[in-house]
Amino acid sequence: MCVLGFCNGESKSDVEYDPKIDQTYNSLPYSYEEMKNILSLYDDPNFRGNRLKRVNKRYRRIKNATQINRIRKYVVCYGSRYYKIRELDKMLIEQFKRWKDGRQIVRDRFLVDAALEIADKLHFETFKASESWLLGFKKRHNIVGRKITQVVTAKKPNVEADKAKLAKDFVGRVKVTIEDRHTPPEKLFNSDQMGLQLEMTSGRTLTFKGQKTVEAVVQNKNATTHSLTLLPTISAFGKLAVPVLTCFYEPKGAPACFERDLLRFKNLRCCWTKSGKVSSKIMVDWMKEDFLKMAPRRSILLLDSWSGFNQAKEIQEVKSKEINIITIPPKTTGIVQPCDVGFFRYVKAFLRTMEDKIRRMFPDFKISTRAHIACLLNQTIEQFCAPRYSSLIQHAFIKPGYVDKEYEEYSTPDHYCFNFSKVGARCGATDCGKLAFIRCSWCEKYLCFNHFIVKMHSCQNNN
Ligand SMILES: [Zn+2]
Ligand SMILES: [Zn+2]
């Protein structure tokens, strides 16, 4: 018979943890195991002397029979079973707190599963995790169901903070290397892959108010998803290196005319793959044929952690030319990779504007054909090489902090070349006089589509 009134028959349902019992338990100065020992000493049928004295010898605080009675009641009523439910309760609420600290979604089912796991650890075979037990557990710990009001990514604030720290540390390390090696801006480079669609569109358009679907006509819908890859190299000095590796998307393999078709585009070094993405082998060739031929000895090259660069980073010529290739930590490229910080988006904006203009004014010029896209890219690169954009390219290295320098104001190529205010500007080529398509960033002349694109206007070699 249980005097405390909490005693259930062992086999009925799960024993409830109850703080009131715990108080009683805690007021007894001995652990459950010790209490069991006290009882077996006291109850030893073979002992004939003073049982209380015998117990007192080992357990000094047991001084009277009332204490023995309390212990007996406690052990008999609740026994190991109560001890276990108490442990289980403690361990489960710890688990629950860990889940909440990690902002996990917790359901009743998770609590039940965790409770059963803990019971297993405690060899608490009779524990059933009944509904009433679960209700009791939640009530005791003030756990209620709530609508999720905000969804966050696990560890989001930390990830952002970690990223910023990683980025800062990286720039710091690069700066130390720059100082140690006395690297001038002409010898600090960044190369990265830039994916482009064969046809670029602006993604925004003017339309009539209230129009539900806003469509844009492209020449070849396939070409807006299929891509090609460019690998521009820029320097902290403010220069875009040419030729730029350009990898074409040739799903069926390139035709025999591929090279011949593309040879005349001096600003591109063309290759192809079936996916339009560059391979490790292409990167090795690029390192040998393009980068190492262009870069001075003891240059520093910042490359991201893309595995396709790995082989190229290791080749012998890199070492013999004492090129220091520094790998940008993953996930920080948006903060510290100059191409991402302040170059690629200008190239994309330029291409979008140019292609939108071509679709509108020269619909017969099929943008996505191999030779045409190559021509547009060739002319785009030509413009980006103009000295007037050196401040723009320098800024891509200044902004992440590699170079401490004031930068001059610049206009973007997109703005300079296409947003000319001279209404009705005419082509400056001899005896032409057609409506201008573009303003050349080099010679500042307005040029028509024919003279700029078709005849491939070039000022670069004359400068
Ligand atoms: Zn020009
Ligand atoms: Zn013209």
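Worth pointing out:
- Those trypsin sites (Lys or Arg not before Pro) in the stretch 51-95 that DSSP places in a loop and that have at most 12 other beta carbons within 10 Å: Arg60, Arg61, Lys63
- Residues of type lysines that Lys434 reaches as a straight line, Cα spacing below 18 Å, ignoring anything fewer than 8 places off in the same chain: Lys357, Lys422, Lys445, Lys455
- Positive minus negative residues near Lys187 (Lys, Arg vs Asp, Glu; Cβ under 15 Å): +3
- Ranking Ser391, Ser305, Ser279 by how far each Cα lies toward the positive end of the dipole of the stretch 270-421 (charges on Cβ) leaves Ser279 at the top.
- Diagonalising the gyration tensor over the Cα atoms of the stretch 366-463 and scaling each eigenvalue by 5 before taking the square root yields semi-axes of 28, 17, 12 Å, largest first.
- Structure note, pairs Lys266/Lys293; Lys175/Lys239; Lys239/Lys366; Lys36/Lys139: Cα-Cα distances above 22 angstrom occur for Lys239/Lys366; Lys36/Lys139.
- When only Cα pairs below 8 angstrom with a gap of at least 6 residues are kept, the stretch 349-463 shows a relative contact order of 23 percent.
- Based on Cα contacts under 8 Å between residues 6+ apart, the stretch 19-140 shows a relative contact order of 19 percent.
- Length-normalised contact order of the stretch 36-101 in % [C-alpha pairs under 8 Å, at least 6 apart]: 23 percent
- A Förster radius of 41 Å combined with the Cβ-Cβ distance from Arg298 to Asn419 puts the calculated FRET efficiency at roughly 0.50.
- Here the stretch 19-140 is treated with +1 on each Lys and Arg Cβ and -1 on each Asp and Glu Cβ, and its dipole about the Cα centre works out to around 720 debye.
- Cα-Cα pairs of the stretch 19-140 separated by more than 25 Å (percent): 40 percent
Readers should treat all values here as calculations from the given coordinates under stated rules, not as data from a laboratory. Worth saying up front: this structure is predicted, and the values here are computed from it rather than measured. With ideal geometry, Cβ positions are generated from the backbone for all residues, glycine too; neighbour counts draw on all protein chains shown.
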